[in-house]
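Report on the structure given below.
No lab work stands behind these numbers, since they all come straight from the coordinates. All values derive from a computational prediction rather than experimental measurement. Every residue, glycine among them, receives a Cβ derived from its backbone with ideal geometry; neighbour counts consider all protein chains shown.
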Amino acid sequence: MQGRFITFEGGEGTGKSNHSALVVEKLKSLGISVKQSREPGGSPGAEIIRHVLLSGAAQPFGPDAEAILFAAARDDHLKLVIRPALERGQWVVCDRFVDSTRVYQGIVGQVAPPVIRALERIVVAQTMPDLTFMLDLPANVGLQRALERRGKSKADRFEQETLTYHETLRQGFRAVATVESERCVIIDTMAPMQEVADRIWRIVQDRLLPAQNSPKPSPQVKDAAS
């Protein structure tokens, strides 16, 4: 039986890591085997590329080069972690996936849509999430939360960008969710954390748990980066 694939997307400080961990805990409490992961990263090779990307070492080469590096990391992650887990019947819950590339490099970085589509076709193919939560928050609030989270640690390559950049990211994620509304659900994370967590879990129950023993349909990949 094929496992299920859930992703969490959104700007900085929206709570992706916390809420993905809460879903993992809930699934495990039901006896469901779950693999928790993240992007960029999630596999040994991808974690190396993560360091290059978040340190800003690739930034001078521009958004096209960053998109290619993200794709290389995702390819390793898919081959070594995500697809094997799904084939074993495990569920996979991932902090960021293909929608982040569509928004950060495609919509904001203005990498040409044919490039984004080609990378997605080659690397992701049919391994699209069954359900994606787009965590939504005003950019200024998200950046403040990110600052509080990291403390005295240095901001990464993307956290250092301007408020305008981050607000554009927010609108980009909302645009992706609008185009792929059957897969994506926008979640307002200005609400209290427990209220947000409860809503997310109800959606997981309604959309995936009743059907977990049914054959997984072939996902339709749509272009949201154009």
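Here are the numbers for the structure shown:
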| item | result |
| --- | --- |
| Trypsin sites (Lys or Arg not before Pro) within segment 90-196: DSSP coil, no more than 12 neighbouring Cβ in 10 Å | K152, K154 |
| Gain on full stretching of the segment that runs from M190 to A118 - 0.36 nm per residue minus C-alpha separation | 22.4 nm |
| MRE, 222 nm, helices only [DSSP H, n ≥ 4, -39500 (n - 2.57), over the chain, to nearest 500] | -14000 deg cm²/dmol |
| Nearest-0.05 FRET efficiency for D206 and S55, computed from C-beta distance (R0 45 Å) | 0.65 |
| Nitroxide proxy distance, nm - points 7 Å out along Cα→Cβ at S17 and S29 | 2.3 |
| For semi-axes √(5λ) of the Cα gyration tensor in Å, calculated from these coordinates, the label among [x] 30, 18, 17; [y] 25, 21, 17; [z] 28, 19, 17 | [y] |
| Distance (nanometres) between label positions extended 7 Å along Cα→Cβ at L80 and V141 | 3.8 |
| Virtual spin-label span in nm between I48 and R199, 7 Å along Cα→Cβ | 4.2 |
